[in-house]
Amino acid sequence: MRPALPRLLTCSVVLAALAGGCADVPLDGAAGQGPAATPDGTPSRTPNAPPSTTPSASPTAPDPSATLTPGVKPPAAAPVTRSFPAKLKNGKPPLFVVISFDGAGDLPLWAQWRALAKQVDARMTFFLSGPYVYPQARRTDYQPPYKKAGASDIGWGDPDKVLRRAAVLRQAIAEGHEIGTHANGHFCGKDGINRWTGAQWTGELDAFESMVRTGPALAAGKTLAAPFDPSTVKGMRTPCLEGNRPAYRAVMKQRGMLYDASEPGYIAWPKKTDGLWNFPLQSVQLAGTHKNTLTMDYNLWYSQTEAHEAPLAHAPALKAQVLATYRMALARSRDGGNPPLFLGNHFNRWNNSVYSDALTSFVKETCTQPDVRCVSNVELIGWLTKYGVPATA
């Protein structure tokens, strides 16, 4: 049993690490609103001439993983195609590194992260926001609690991009990646999701499923298959890591979901809470300081510059600090018997892309190390279900 005093200290560290809050990235062309906006109130910009992410398909034999052809059965959102041993040659369990993304809307960044995953044989989890696959013209179909119909702090989809995102989601699933839910309107703060009841969370997740099932067809103006079967989603990260946890977790459990990736925590073997696996964003020390932060890009940004854009000349030093923070967290896991490391990111270019660049470097140098396995959340659950939480935990 963990001694009482260290546990209390750990809890206070986690609360301090969370103080920066978190944000999400509005869609291209969506007005910055509330906590989802960048510090100056404008949406993140897309670089000039982004690489095309329009899926290619043979006209004679279309790839069902990439197309939205009517009648093609949507794939499951959480494929598990790999297995891992209980222990490695060194007698320890694999050191699982779980990389996940909130929002998952920017098409060039979809291409970037999928290419990186292929390079190092990683699988990742992408927590999709419903409006990213739903056309703006039909936004009033969404009726969130305490808000006007059609409200969303991250905007809505452009029809062309809705279709392209939907095809990319299919491709990503075919590559072994997992799609989770990040809910819909991304309402944070005192007027946000913290006051939602279980019944209101049921409505929110029903709305997410409806957006996934019907959004691409509405964007195209014709019958199309859904990008994936939303009833097979196994996990959620709530907007800004907020919400009444017992209330929304009860709804998740009723729907057959398996884990919540929303609660701040620490580097330790995960356990179940409220009937779900609790996969936390973890409290770590910001390298070179006495500050504690969570393993989430926004929290790192807040810890470094209070979520203000630093001069471009500062980017190399800021990236080096984030990379050193990740390395320290990995070393801490190794020293503690290899509990999983959970790293959260957004599809963003915050602070001159410091956080995306640092994570890219960390993935390249870490996921190919002999004792490391870079996995999705559902792959980790598969291992935990088969072998259990190690006794040393």
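The values are calculated or read from the model by the stated rules, or taken from the named source; none is laboratory data. The model shown is predicted, which means the values in this text are computed figures rather than measured ones. Note that each Cβ is placed from the backbone with ideal geometry, even for glycine, and that neighbours are counted across all protein chains shown. Protein only, heavy atoms only, side chains kept; ligands, DNA and RNA dropped before computing areas. Shrake-Rupley method; radii C 1.70, N 1.55, O 1.52, S 1.80 Å.
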Practice prompt. Output yes when any residue across the range 177-190 is touching a helix residue (DSSP H, G or I) at 6+ places or on another chain (Cβ under 9 Å), crowded, with 21+ Cβ neighbours inside 10 Å and more than 30 Å from Ala115 (Cα to Cα), and no when none is.
Written response: yes
Worksheet item: Name the pairs: first residue in the range 106-118 and at pLDDT 95 or above, second residue outside any loop (DSSP other than H, G, I, E, B) and basic (Lys, Arg), Cβ to Cβ under 7 Å, at least 6 apart or on different chains?
Response: Leu107/Lys161; Leu107/Arg164; Leu107/Arg165
Worksheet item: Applying the selection to the range 270-288, what residues are over 16 Å from Ile99 (Cα atoms) and out of contact with any helix residue (DSSP H, G or I) (no Cβ under 8 Å at 6 or more places or on another chain)?
Response: Lys271, Lys272
Discussion item. Among the listed residues Leu128, Leu68, Leu109, identify the single one that is in contact with a helix residue (DSSP H, G or I) (Cβ under 6 Å, 6 or more places away or on another chain) and closer than 24 Å to Arg213 by Cα.
Written reply: Leu68
Worksheet entry | Residue that is most open to solvent (accessible area, probe 1.4 Å) [pool: residues in the range 330-350 that are touching a residue at least 12 places away in the same chain (Cβ under 8 Å) and over 19 Å from the mean Cα position of the chain (by Cα)] | Arg332
Worksheet item: Can you find even one residue in the range 122-138 that is assigned to a helix (DSSP H, G or I), in contact with a strand residue (DSSP E or B) (Cβ under 8 Å, 6 or more places away or on another chain), of a type in the set (Lys, Arg) and farther than 24 Å from Ile381 by Cβ?
Response: no
Worksheet entry | Subset of the range 63-116 [on the phi > 0 side of the Ramachandran plot and buried (at least 21 other Cβ atoms within 10 Å of the Cβ)] | Gly103, Ala104
Worksheet item: How about the range 305-324: which of its residues are part of a helix (DSSP H, G or I) and among the hydrophobic types (A, V, I, L, M, F, W, C)?
Response: Leu312, Ala313, Ala315, Ala317, Leu318, Ala320, Val322, Leu323, Ala324
Worksheet item: Limited to the range 341-364, what total is found for residues that are of a type in the set (Phe, Trp, Tyr) and assigned to a helix (DSSP H, G or I)?
Response: 3
Worksheet item: Looking only at the range 223-238, which residues are surrounded by fewer than 19 Cβ atoms within 10 Å (Cβ to Cβ) and either without any contact (Cβ under 8 Å) to a residue 12 or more places away in the chain or assigned to a helix (DSSP H, G or I) (or both)?
Response: Ser231, Thr232
Item to complete: Just give me the residues in the range 242-260 being more than 11 Å from Trp201 (Cβ to Cβ) and among the small types (Gly, Ala, Ser), in sequence order.
Response: Gly256
Item to complete: Identify, by number, the condition in (1) on the phi > 0 side of the Ramachandran plot; (2) open to solvent by less than 10 Å² (accessible area, probe 1.4 Å); (3) free of Cβ contacts under 8 Å to residues at least 40 places away in the same chain that Arg249 doesn't meet.
Response: (1)
Worksheet item: What single numbered condition from (1) of a type outside the set (Phe, Trp, Tyr); (2) under 20 Å from Val363 (Cα atoms); (3) in a loop (DSSP other than H, G, I, E, B); (4) free of Cβ contacts under 8 Å to residues at least 60 places away in the same chain fails to hold for Pro145?
Response: (2)
